[in-house]
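Let me begin by presenting the structure, written as structure tokens, before commenting on it.
The values are calculated or read from the model by the stated rules, or taken from the named source; none is laboratory data. A quick note: this is a predicted structure, and the numbers were derived from the prediction, not measured. Here the Cβ positions follow ideal geometry from the backbone for every residue, glycine too, while neighbour counts run over all protein chains shown. Note: areas computed on protein heavy atoms with side chains; ligands, DNA, RNA excluded. Shrake-Rupley method; radii C 1.70, N 1.55, O 1.52, S 1.80 Å.
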Amino acid sequence: MAEGAALRAVRGCLAAFPRDARELGWTETVPYLDRPPSPLEFYREWVSPNKPCIIQNAISHWPALKKWTSAYFREVVGPKVVSVAVTPNGYADAVFQDRFVMPEERQMPFMDFLDIVEKKVTSPNVFYVQKQCSNLTEEFPELVCDVQSDIPWMSEALGKKPDAVNFWLGESAAVTSLHKDHYENLYCVISGEKHFLLHPPSDRPFIPYELYQPATYHVSEDGSYEIVDEKTADKVPWIPLDPLNPDLERYPEYSQAKPLQCTVKAGEMLYLPSLWFHHVQQSHGCIAVNYWYDMEYDLKYSYYQLLDCLTKAVKVL
């Protein structure tokens, strides 16, 4: 009896936590800043309270906004072989057929990839430059001079340089499944637009995680594919739910979550705080650069870990 009462109390706390968090300052929409903030202002108003915002006029001085066209890419990068994620359905690093399936990492000339994006060549598969290993500096050093190696006011606010600077370019069918990162993320759109669906960390009790066998797509030119298990790898915790079309019969708790949605347009920067869940879509041929700064493993992280442990414990009971 006492155990049942305790479980009900924990469930009540988990249900109330997201509501209380919103009442403490998380808004119903993602706010805009019309200029880059000072380092102190940014840390105090956004990083410390773990709140997202869209910053305008932060990258307007970047040469990339005018220079980064297909013709420029062909001239500067051209035949260089780069890593491209290839999937049959546009979902890389996502749950499919009860597996956590990663994309095929295909090495191909950048100009051949551009032919696909520009629809000069047709393919039944979906192609996306999205390798998240600081690929801008590692694979596309020719383009670094058109942006910045870091965001100075962010680096000063956090007292560190970014761990990675990533370059993104792909088809509109390429979708990033719902997940979170342990990074403070500045996501800068150069051309086109990105569509973000966001959940604060306090929505964790409503977001399902399950363990999946990791696997990789092996995709052929004719569009056929096979899913090959990574048999020696540990199972991966991932979110099986599609927030755009949630299966509420299977995951009824998600009906209590309240996602934020925003569109980041060319010339704008999204500050995506650490531990926020995000699902991303894009316009065709959208180009973006993002900066990953390692998060501080401070009290916010401890609170999230507590919430995560309580959520798992309630599901087990």
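Within segment 221-238, the set of residues being open to solvent by 70 Å² or more (accessible area, probe 1.4 Å) and within 12 Å of residue 87 (Cα to Cα) comprises 221, 225, 226.
With respect to the stated conditions, residue 212 fails to be in contact with a Ser or Thr (Cβ under 6 Å, 6 or more places away or on another chain), among the hydroxyl-bearing types (Ser, Thr, Tyr) and part of a strand (DSSP E or B).
When the residues of segment 124-146 are filtered to those that are of a type in the set (Ser, Thr, Tyr) and within 20 Å of residue 74 (Cα to Cα), the one that is surrounded by the most Cβ atoms within 10 Å (Cβ to Cβ) is 128. Filtered by the rule that a residue be among the polar types (S, T, N, Q), open to solvent by 20 Å² or more (accessible area, probe 1.4 Å) and not in a loop (DSSP other than H, G, I, E, B), segment 251-292 gives 255, 256, 261, 263, 281.
One residue stands out among those in segment 147-164 that are touching a strand residue (DSSP E or B) at 6+ places or on another chain (Cβ under 7 Å), under 14 Å from residue 296 (Cβ atoms) and hydrophobic (A, V, I, L, M, F, W, C): the one that is surrounded by the most Cβ atoms within 10 Å (Cβ to Cβ), which is 154. Against the condition hydroxyl-bearing (Ser, Thr, Tyr) and either at pLDDT 95 or above or under 30 Å from residue 156 (Cβ atoms) (or both), how does residue 172 come out, does it pass? Taking the combined requirement at face value, the residue satisfies it. Looking at segment 87-117, which of the residues that are touching a Pro at 6+ places or on another chain (Cβ under 6 Å) and touching a residue at least 40 places away in the same chain (Cβ under 8 Å) is surrounded by the fewest Cβ atoms within 10 Å (Cβ to Cβ)? Going through the qualifying residues, I end up with 95.
The residues of segment 47-79 that are closer than 16 Å to residue 152 by Cβ, of a type outside the set (A, V, I, L, M) and buried (at least 16 other Cβ atoms within 10 Å of the Cβ) amount to a single one, 62. Set side by side, the residues 202, 220, 149, 172 differ, and just one is without any contact (Cβ under 8 Å) to a residue 12 or more places away in the chain and small (Gly, Ala, Ser), which is 220.
Of all residue pairs spaced 6 or more apart or on separate chains, those with beta-carbon atoms under 7 Å, a first member in segment 52-81 that is modelled with pLDDT under 95 and a second member that is open to solvent by 40 Å² or more (accessible area, probe 1.4 Å) are 78/111.
Out of 248, 241, one residue alone is in a loop (DSSP other than H, G, I, E, B) and buried (at least 21 other Cβ atoms within 10 Å of the Cβ). It is 241.
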